[in-house]
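Written out below as C-alpha cells is the structure these notes cover.
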C-alpha cells in the first residue's frame, strides 16, 4: 500500500521524524496512531528496526536505503546504545526530549515545500547528537523550539515544530551567529564516514562526544564544575576548549593535567589526583565505569605516576599502583628514614630535583625513584661531617683536610654548611684501617713518639703530609695510643718525619725580597706578577712545606732590562720624578699598563729616548 498524500524525504531526516511529519501531512497529528493505522509498530520505527523502517519507506514511496541510513538503531544486547551512520551512541549522547532546530533551515523548508504548513519543516539527524549545537550550513546556533513531554509525545517532533512556526521570525532574528567549532566539524566529519585524524578516532562516538565536554568544563570552570548547570552556550564553549585538549591525545591531556596540578604545587597539605583533577577524576573513577575510557584513564595514571609521589598502597581508578616511578621528598623520607631537609639538599646537588622547586613544599618536590634509589640507600647508611668527626675522632679542621686530600670521599659532596656532606661509614672504616694498619701500641711509651698534629707542627708542614707518610707506609715507626681511638690515636717519630716533609732550598727571590729589590710596595709587586710582567714560579718552602711563588734571578734581570718604573728612572737620572714624567709626556712616551692597576707608573725602556 502507498499513501496518496505523501512527502519527499527530507535532508538527513531520521525515520521517527519522517513518520511524525508524514502523520501531520495526513492530518493524523499523532505519529504513533498513524503508524498503527498501517500496521507498523511505532516503537520499531523509533528504535530503527529495518523491517519497520522499510515498511514506512514503502508506504510513503521514498528511498529505503536513504531512510534506513538515518535511523538510530537500538543495539541488541546493549542497554541504551544506538547505532547511527556506523557510530555508536548512548541514550545520553542524544537530545531526544528537546527539539533543536536551525531557524534558517526551518524558513527554507517552509519556502521550498507546498504541502500542509505544519508538515514542511523537519529536523536533521545530526541535530539529535548532543555535541552538534550549530548549523553548519547557516553558521547559526541551534534554537530549542520545544520539548517532547510525556511518553506519547516523545519522538513526535512535527507537533512541536508546528507550534514553533508562528514564532519563526523571532527565532530567526534572535539566532546566534557563530562558526561551527572544530569539535562540531569533527563530529560531522565522523558522521559522514570521513577520517578526521584525531586521537578521538580511537574512542567510540559516545566517548568522543562526552570526554571533550567534561575536560573542557573542568578547564573553563574549574575542577568543581557541575555539568548539569551548564547552558547550551556554556557547553558549546566547554566542548570547544575540551576538544583542543584531547584532540592530540596524551600530549594534550598531560599538558592539561600539568595545568590542573599547578595551583597545588605550593600546598603543604597532601592533595591527590581526586582533588587536583576534580570532576574529571570523579567522572572517570565513580560515575562512568565504561572501559571505552580506559585510554584516558591510562594517560592520567601514567601522568600521575610520573609527576606525583605515588607508589604501592595508592589506588587510581580502582587500580592498585604496583611500582613507584616518582618519589616525593615526603614519601622518600618516610621510606628511607631520612630527614627531609638534608635529603632535599642532597637531591638538589645530585641534580635529581629542579632548582626552580626550591620554595615548593616537600610533598610537591618529586624525582625519579629509580635514579635516586642508590643515592637514597647510601644516604640512609651515611653520616654527616659533624658526626664524622665523632666517628673517626678527628678534630677540626683536619676532617676537611682528609676530604680535600682525597683520603675520604663523600657519597654526596655539599657546601660548608652543617650537614653539607654525606659519608658512608664503610668508606671511613676503610681509611681508618689503612691509617692504623702498622700502628704498634708498644711504642706508646717512647718519648719521641708524638701525635700526627704535633709532628706536623714540629716540622712546619701540613698535617695531611704526615698522614700521607703513614698511609703510604713511608715511616718505619708508627705507634698507637691505647687510651685514644681513631685519628688522634696514631703516633709517629717527629724526627723521622721532618726530613721527609722538608724539601730542598729554592733558588730565587720571594715576593717579599722583590719589594726591597725593586723598591716597590706589596700590591705593586703582586700586580707585576699577576699581569705577567715578572714571571713567577711556584715552589715548596723547604721549612714550612707550603707552596709559594718565587722569582728566579734571570727572570728578575729580564724584567729590569725591559721595564723601569717612573721613580727608578728618576733616581737613575738624578731628577725629580715629576720633571721626568713631564719630559716623557712631551715626547709621547706613555706607560705600559694601567698605573692604577699596577700601583706604579711603568715604562718600557725601549720607548725612552
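Computed from the coordinates by the stated procedures, all read-outs in this text should not be read as laboratory data. Note that the structure is predicted; figures quoted are calculated from it, not measured. Reconstructed Cβ throughout: ideal geometry from the backbone, glycine too, with neighbour counts over all protein chains shown.
The value of relative contact order for the chain, using C-alpha pairs under 8 Å at least six residues apart, is 6 percent.
Compactness of region 522-606 was expressed as the Cα radius of gyration divided by 2.2 N^0.38 Å, which yields 1.29.
Taking 20 °C and 1.002 mPa s as conditions, region 1-43 diffuses translationally at an estimated 204 µm²/s according to Stokes-Einstein applied to its Kirkwood radius (Cα pairs). I need the calculated FRET efficiency for the pair residue 173 and residue 114, taking r as the beta carbon distance and R₀ as 41 Å, to the nearest 0.05. The formula returns an efficiency of 0.95 here.
Quick check: the angle from helix 250-261's long axis to the longest principal axis of the chain, C-alpha only, nearest 10 degrees? The angle comes out at about 70 degrees.
Note on region 56-133: along the principal axes its Cα atoms extend 43, 31, 18 Å, ordered by decreasing extent. Put the Cα centre of region 14-79 next to the Cα centre of region 419-445 and the gap is 95 Å.
Largest first, the extents of the alpha carbon coordinates of region 434-501 on the three principal axes equal 27, 24, 18 Å. The alpha carbons of region 182-320 occupy a box of 49, 28, 24 Å along the principal axes, longest dimension given first. In the calculated pair-distance distribution of region 1-90, the portion above 16 angstrom amounts to 49 percent of the Cα-Cα pairs.
Can you classify region 15-173 as rounded, prolate or oblate using the Cα gyration tensor, where a ≥ b ≥ c are the square roots of its eigenvalues, rounded means a/c under 1.5, and otherwise it's prolate if a/b beats b/c and oblate if not? Oblate is the answer for region 15-173, as a/c is 1.5 or above yet b/c matches or exceeds a/b.
Computed on the Cα atoms alone, the convex hull of region 131-229 gives a volume of 159 cubic angstrom per residue.
Quickly estimate the mean residue ellipticity at 222 nm for the chain, helices only: each DSSP H run with n ≥ 4 gives -39500 (n - 2.57), and the total goes over all residues, rounded to 500. Calculated mean residue ellipticity at 222 nm is -12500 deg cm²/dmol. If you look at the Cα atoms of the chain, you get an Rg and a Dmax of 45.5, 140 Å.
Per residue, the convex hull around the alpha carbon atoms of region 464-545 comes to 148 Å³. Highest mean packing comes first when the peptides 38-44, 596-602, 174-180, 210-216 are listed by Cβ atoms within 10 Å, giving 210-216, 596-602, 38-44, 174-180.
By the compact-protein rule of thumb, 2.2 N^0.38 Å, the alpha-carbon radius of gyration of region 452-609 corresponds to a ratio of 1.59.
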